[in-house]
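Trainee: Got a structure for you, written out below as structure tokens; questions coming shortly.
The values are calculated or read from the model by the stated rules, or taken from the named source; none is laboratory data. Treat the numbers as computed from the prediction; the structure is a model and nothing was measured. Note that we place each Cβ from the backbone using ideal geometry, even for glycine, and neighbour counts take in every protein chain shown.
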Amino acid sequence: MNNSSKLIVVTIALFIAAFTVVIPERNIVNHDNNIKLKWKDFQGTPDPNVNARAISYVGFQMGYKGTARQDSLIIVVEAFFDRTTSWHNGDTTAYILSHEQTHFDITELYSRKLKQSIQGATLTYKNYQPVLRELEKNALKAMNTADSIYDLATDFSRLNDKQAEWNTNIQKDLANMVVFAADTFKVPVKF
């Protein structure tokens, strides 16, 4: 198989630290299990130097603020898909879109794992910032690893049986972590 006939689908994972970058709301799709990506969401310009059928720019962003009494934090963790930097090359099959959706679902899964880690952490007024940064960093690393394993296991979607297996398994994992689906939650902070 020559290079021009190989199907390569690349996903770029973005990690945005708390409040450091703001993506305009109209340019993002927040993850929702009831709404799937559509090809019209891929609004970026294809890179002619990249041999790929589609590129999905996905990630999660986290923010937090204290309450009036400062005994807790309100945390927001949202998985997102960036419309303006995600693109396709015109080969818009449902199968390739399914592969891209699973990249987005993996991002949501790891945002839920981050939420679980945050809710299980002991946060104090003195340590909450470095603890949250470390949890965020670990979630990003785990998400990027899972995303790379996904592309290798499915051979960038070329292995139909493996693709179907991953689609099913990620949906099961999301269902098992539904308790962490809410984007906004409150955690205690000790003094």
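Trainee: Could you list, ordered by first residue, the pairs with Cβ atoms under 8 Å in which the first is in segment 114-141 and in contact (Cβ under 8 Å) with a residue 60 or more places away in the chain and the second is crowded, with 18+ Cβ neighbours inside 10 Å and of a type in the set (D, E, K, R), at least 6 apart or interchain?
Mentor: Qualifying pairs under 8 Å: Ala139/Lys113.
Trainee: With respect to Thr102, is the statement that it is more than 22 Å from Ile28 (Cα to Cα) and surrounded by 13 or more Cβ atoms within 10 Å (Cβ to Cβ) true?
Mentor: No.
Trainee: Okay, next question. What are the residue pairs meeting all of these: first residue in segment 161-181, first residue free of Cβ contacts under 8 Å to residues at least 12 places away in the same chain, second residue surrounded by fewer than 15 Cβ atoms within 10 Å (Cβ to Cβ) and not basic (Lys, Arg), Cβ atoms under 7 Å, and 6 or more apart or on different chains?
Mentor: What qualifies is Lys162/Ala153.
Trainee: The conditions are (1) more than 30 Å from Ser117 (Cβ to Cβ); (2) at pLDDT below 95; (3) surrounded by 14 or more Cβ atoms within 10 Å (Cβ to Cβ), and Ile16 fails exactly one of them. Which is it?
Mentor: If we test Ile16 against (1) more than 30 Å from Ser117 (Cβ to Cβ); (2) at pLDDT below 95; (3) surrounded by 14 or more Cβ atoms within 10 Å (Cβ to Cβ), just (1) comes out false.
Trainee: Which condition breaks for Thr85 when tested against (1) in a loop (DSSP other than H, G, I, E, B); (2) surrounded by fewer than 17 Cβ atoms within 10 Å (Cβ to Cβ); (3) modelled with pLDDT of 95 or more?
Mentor: Here Thr85 clears every test but (2).
Trainee: Which ones in segment 33-55 are buried (at least 18 other Cβ atoms within 10 Å of the Cβ), modelled with pLDDT under 95 and under 15 Å from the mean Cα position of the chain (by Cα)?
Mentor: The one that is buried (at least 18 other Cβ atoms within 10 Å of the Cβ), modelled with pLDDT under 95 and under 15 Å from the mean Cα position of the chain (by Cα): Ile55.
Trainee: Test of understanding: among Thr92, Thr107, which residue is modelled with pLDDT under 95, within 24 Å of Ile28 (Cβ to Cβ) and among the polar types (S, T, N, Q)?
Mentor: Thr92
Trainee: Okay, moving on. For segment 171-191, how many residues are modelled with pLDDT of 95 or more, hydrophobic (A, V, I, L, M, F, W, C) and outside any helix (DSSP H, G or I)?
Mentor: Within segment 171-191, residues that are modelled with pLDDT of 95 or more, hydrophobic (A, V, I, L, M, F, W, C) and outside any helix (DSSP H, G or I) number 5.
Trainee: Using the structure shown, decide if Thr107 is in contact (Cβ under 8 Å) with a residue 60 or more places away in the chain and outside any helix (DSSP H, G or I).
Mentor: Here the answer is no, as Thr107 does not meet what is asked.
Trainee: Can you say whether Tyr128 is hydroxyl-bearing (Ser, Thr, Tyr) and within 18 Å of Gly59 (Cβ to Cβ), as far as the supplied structure shows?
Mentor: no
Trainee: Given (1) at pLDDT below 50; (2) out of contact with any strand residue (DSSP E or B) (no Cβ under 7 Å at 6 or more places or on another chain), identify the lone condition not met by Val10.
Mentor: (2)
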